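**Student:** Take this structure first; my questions come after.
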Number of protein chains: 2
Amino acid sequence: MIGVDWGTTSFRAWRFGADGAVLGARAAPRGILSVSGGDFAAVLREQCSDWLEGGERRVLLAGMVGSRQGWLEAPYLPCPAGIAELATALVPVPFEGAEVRLVPGLSARDRQNVPEVMRGEETQIAGLDLADGIACLPGSHSKWARVEAGRIAAFETYFSGEAFAALRSATILGRMMKDGPTDLAAFDRGLARAGEPGHLLHHLFGVRTLGLAGALADEASASYLSGLLVGHEIGAAMPARAHVTIVANPELAALYARAIAARGGSAAVASPEAAARGLARIGERAWR
Amino acid sequence: MIGVDWGTTSFRAWRFGADGAVLGARAAPRGILSVSGGDFAAVLREQCSDWLEGGERRVLLAGMVGSRQGWLEAPYLPCPAGIAELATALVPVPFEGAEVRLVPGLSARDRQNVPEVMRGEETQIAGLDLADGIACLPGSHSKWARVEAGRIAAFETYFSGEAFAALRSATILGRMMKDGPTDLAAFDRGLARAGEPGHLLHHLFGVRTLGLAGALADEASASYLSGLLVGHEIGAAMPARAHVTIVANPELAALYARAIAARGGSAAVASPEAAARGLARIGERAWR
């Protein structure tokens with residue numbers, strides 16, 4: 001089977017053996033935004049031609065490829081849902097020469113009945129070795145999911161990553177910021193500030209005044225802002241003394257693990273290949 | 001005397017009689033960002049030539065003209081401060097043919113000892129008829145000030161206005177938004193949402209999901225986002241059952257008054273000419 005994590009900006013594919021072993025892996029900057037004229041079939045054929053010619057007849061796709069802007073819109077499956085529910089709700093996509101199916105995204109309602117959605121993260125969570133616990137998938141739209149008996153029971157999204165990018169690119173806070181590696185001391189200061197009383201909208205102005213007062217260097221202020229946002233997210237999303245499984249690239253995962261520990265939780269960083277394992281597990285269940 | 005509220009993007013000037021009566025008023029898009037080569041004297045002369053030729057020999061300037069990016073940096077005066085303290089701390093600016101002075105901005109420390117600053121708002125507050133109470137000056141950087149015995153005792157800033165602009169212009173939330181007058185029903189929904197449990201970073205993602213679910217029209221989502229941010233600001237900044245004096249343009253003042261009432265406070269909208277009265281009062285005290 002071929003499994004593809006097809007997101008907004010990236011295309012990651014794996015070839016699996018019968019037992020779910022990874023026989024090959026590749027990645028390309030062919031996210032759905034790069035697909036012209038809606039010809040997703042051509043991109044899939046181009047990226048995986050050798051595997052298809054080698055005899056693969058099953059392709060499982062997860063991520064934004066199943067959104068309104070993707071190949072075909074796969075309706076959201078309501079929580080609670082796990083591998084079994086996902087496997088029975090796959091959406092077939094017409095394709096010459098192979099059976100192609102989409103993993104649906106998940107929907108939920110938050111505590112105030114406001115809708116929640118995810119696409120792609122459900123497959124990463126399906127790839128974790130987590131029967132019961134909290135999974136955190138930081139990013140543009142950070143997801144915090146509660147897993148119960150191997151199924152995603154509920155989840156909430158935080159706009160932290162995209163808010164950071166917008167505050168940095170489009171406000172006076174970003175005007176002084178300089179690029180560079182994360183300054184951990186400044187990240188920790190932002191984290192600590194997030195733990196103090198006061199609203200995020202007030203704390204944000206402090207990024208400016210600390211800079212004006214010479215108490216925060218231009219080289220450090222992006223890391224401080226990052227700590228501030230991550231700290232606010234974790235303070236709101238994480239139950240007290242929780243153990244959290246983080247799925248992210250190593251650098252971002254390390255920052256979240258640091259922040260979770262600072263707020264009294266503990267964290268384990270999952271393999272970034274959780275998406276591959278999730279695809280293998282869902283496919284195995286669907287086609288067994 | 002001539003008084004000028006000289007901000008980042010606008011220049012507003014008044015000519016005052018001996019008793020503080022306004023003899024003339026004008027405004028131009030000649031904020032400090034428009035002043036080339038630092039020649040503030042030329043802009044002042046050009047905007048007020050008739051008044052200067054008519055014999056005015058005293059000019060009082062307030063606002064960002066006293067910042068590092070302005071004519072001359074006037075050091076911040078620490079709170080508590082009122083008309084008397086501002087009048088004795090004016091900063092003279094060299095100018096041929098008239099005595100020109102800058103009103104200093106104010107500094108404070110918030111409850112966690114993080115610096116706070118304002119420039120221009122102190123002059124607007126000096127123009128209010130408010131001996132004791134709360135003043136709210138909404139905008140890019142909303143100021144909430146506590147006035148005691150006619151002096152600004154403390155204040156806090158909220159980044160709401162600039163956050164709104166950045167979220168609207170630089171995130172996926174803004175991509176669906178359409179221009180138009182404020183949709184009060186949507187503004188109220190955002191306000192109500194801000195009063196529910198849950199962090200702003202989570203509530204922001206709801207702007208997206210409510211849109212996806214067909215529960216928030218594209219025409220309404222900017223007003224909903226505005227209500228969300230204003231509601232979060234007021235929920236954090238306003239003491240319970242406070243009476244708040246608002247200084248803003250009429251449309252923004254009406255939205256804040258509505259939001260303050262919805263959160264259990266009450267509001268009075270001050271004249272938008274508070275800056276003029278503040279300049280007249282500070283000048284009268286300084287030159288009497």
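**Student:** Per 5 Å bin from zero, what fraction in whole % of the C-alpha pairs of segment A:160-269 is there, up to the bin with the longest pair?
**Tutor:** All Cα pairs, binned at 5 Å, distribute as 2, 13, 24, 26, 19, 11, 5, 1 percent.
**Student:** Here's something else I'd like to know. Suppose R0 equals 51 Å; then what is the FRET efficiency for B:ASP19 and B:ALA165 from their Cβ-Cβ distance, rounded to the nearest 0.05? Numbers along the way, then the final one.
**Tutor:** On the way: r = 41 Å, r/R0 = 0.79.
Computed FRET efficiency for B:ASP19 and B:ALA165: 0.80.
**Student:** Which distances in nm, rounded to one decimal and ordered from shortest, link the label point of A:ASN249 to the equivalent label points in the other identical copies, with labels set 7 Å from Cα toward Cβ?
**Tutor:** Copy-to-copy label distances at A:ASN249, shortest first: 4.1 nm.
**Student:** Find out how many positive minus negative residues lie around A:PRO29, taking Lys and Arg as positive, Asp and Glu as negative, among other residues whose Cβ is under 14 Å from that of A:PRO29.
**Tutor:** Neighbourhood net charge equals +1.
**Student:** Between beta-carbons, use under 13 Å as the cut-off and find the net charge around A:TYR76, counting Lys and Arg +1, Asp and Glu -1.
**Tutor:** It works out to a net charge of -2.
**Student:** Assign unit charges at the C-beta atoms only (+1 for Lys and Arg, -1 for Asp and Glu), then state the dipole size of the protein assembly as shown relative to its Cα centre in Debye, rounded to the nearest 20.
**Tutor:** On the way: 56 positive and 60 negative charges, 102 e Å.
That gives the protein assembly as shown a dipole magnitude of about 480 debye.
**Student:** As a check on your grasp of the helix formula, calculate [θ] at 222 nm for chain B: sum -39500 (n - 2.57) over DSSP H runs of n ≥ 4, divide by the residue count, round to the nearest 500.
**Tutor:** Computed mean residue ellipticity for chain B: -11000 deg cm²/dmol.
**Student:** Oh, and also: To the nearest 10 degrees, how steeply does helix A:184-194 sit against the main Cα axis of chain A, on a 0 to 90 scale?
**Tutor:** In chain A, helix A:184-194 runs at an angle near 80 degrees to the longest axis.
**Student:** Give the angle, between 0 and 90 degrees and rounded to the nearest 10, that separates the Cα long axis of helix B:160-170 from the longest principal axis of the Cα atoms of chain B.
**Tutor:** Approximately 60 degrees, to the nearest ten.
**Student:** Determine the percent antiparallel among the DSSP beta bridges restricted to the protein assembly as shown, to the nearest 5.
**Tutor:** 65 percent
**Student:** Taking a label point 7 Å out from Cα toward Cβ, give me the nm distances from B:ARG109 to the same spot in the other copies, shortest first, one decimal.
**Tutor:** 4.9
**Student:** Using θ = phi - 60° and the Karplus curve 6.51 cos²θ - 1.76 cosθ + 1.60, what whole-Hz ³J(HN,Hα) does each residue of segment B:45-61 get, with Gly and Pro shown as x?
**Tutor:** 5, 5, 6, 10, 4, 5, 5, 5, 5, x, x, 5, 10, 10, 10, 10, 10
**Student:** Test of the criteria: in segment B:78-123, which GluC sites (Glu not before Pro) are in a DSSP loop and have at most 13 other Cβ atoms within 10 angstrom of their Cβ?
**Tutor:** B:GLU96
**Student:** I'd like the antiparallel share, as a percent to the nearest 5, of DSSP beta bridges with both residues in segment A:127-279.
**Tutor:** Working: 12 of 19 bridges.
Of those bridges, close to 65 percent are antiparallel.
**Student:** Against the longest alpha carbon principal axis of chain A, how many degrees, from 0 to 90 and to the nearest 10, is the axis of helix A:274-287 turned?
**Tutor:** Rounded to the nearest ten degrees, it is 30.
**Student:** Sticking with this structure for a sec: So the label point sits 7 Å from Cα along the Cα-to-Cβ vector; using that for A:GLY214, what distances do you get to the other copies, in nanometres, sorted shortest first?
**Tutor:** Ordered by increasing distance: 6.1 nm.
**Student:** Would you mind estimating how fast segment A:23-142 diffuses translationally, via Stokes-Einstein at 25 °C and 0.890 mPa s with the Kirkwood radius over Cα pairs, in µm²/s?
**Tutor:** 155 µm²/s
**Student:** Let me ask something else. As a test, work out the antiparallel percent of DSSP beta bridges whose residues both lie in chain B, rounded to the nearest 5. Don't skip to the answer; put the middle values down first.
**Tutor:** Working: 32 of 49 bridges.
Around 65 percent antiparallel, to the nearest 5.
**Student:** Mind putting a number on the dipole of segment A:160-269 about its Cα centre? Charges go on the C-beta only, +1 for Lys and Arg and -1 for Asp and Glu, and I need it in Debye to the nearest 20.
**Tutor:** Result for segment A:160-269 is approximately 200 debye, rounded to the nearest 20.
**Student:** Here's another thing I want to ask about it. What number comes out for the charge environment of B:ALA262, summing +1 per Lys or Arg and -1 per Asp or Glu over other residues with Cβ under 12 Å away?
**Tutor:** Here the count lands on +3.
**Student:** To make sure I understand, if each residue's beta carbon is the centre and we count other beta carbons within 10 Å, what order do A:ASP132, A:ASP179 fall in, fewest to most?
**Tutor:** Listing A:ASP132, A:ASP179 from fewest to most nearby Cβ atoms yields A:ASP179, A:ASP132.
**Student:** Amide H neighbours of A:LEU72 under 5 Å, counting only residues 5+ apart in sequence or on other chains, H built in-plane at 1.01 Å?
**Tutor:** The answer is A:SER67.
**Student:** Per q in 0.09, 0.15 Å⁻¹, report the Debye log10 I(q)/I(0) for chain A, using one uniform scatterer on each alpha carbon and no solvent.
**Tutor:** So the normalised log intensities work out to -0.47, -1.11.
**Student:** Rounded to a whole number, what is D in µm²/s for segment B:67-108 from Stokes-Einstein with the Kirkwood radius over alpha-carbon pairs (10 °C, 1.306 mPa s)?
**Tutor:** Working: Rh = 11.0 Å.
Roughly 144 µm²/s, to the nearest whole number.
**Student:** With a point put 7 Å past each Cα toward its Cβ, work out how far B:GLU53 is from A:PHE95 in nm, to one decimal.
**Tutor:** Here the answer is 7.9 nm between the modelled labels.
**Student:** Calculate the length of the line joining the C-alpha centroid of segment A:170-245 to that of segment B:22-63, in whole Å.
**Tutor:** Using only Cα atoms to place each centre, the spacing works out to 39 Å.
**Student:** Which log10 I(q)/I(0) values does the protein assembly as shown give at q = 0.05, 0.06, 0.07, 0.09 Å⁻¹ under the Debye formula, counting every alpha carbon as one identical point scatterer?
**Tutor:** Here log10 of I(q) over I(0) equals -0.27, -0.39, -0.51, -0.76.
**Student:** Right, here's the next one. Going toward the positive end of the dipole of segment A:40-86, with +1 on Lys and Arg Cβ and -1 on Asp and Glu Cβ, which of A:LEU44, A:LEU72, A:LEU61 do you reach last?
**Tutor:** Among A:LEU44, A:LEU72, A:LEU61, the one farthest towards the positive end of the dipole of segment A:40-86 is A:LEU72.
Readers should treat all values here as calculations from the given coordinates under stated rules, not as data from a laboratory. Values in this document were obtained by computation on a predicted structure and should not be read as measured data. Virtual Cβ from ideal backbone geometry, glycine too; neighbours counted across all protein chains shown.
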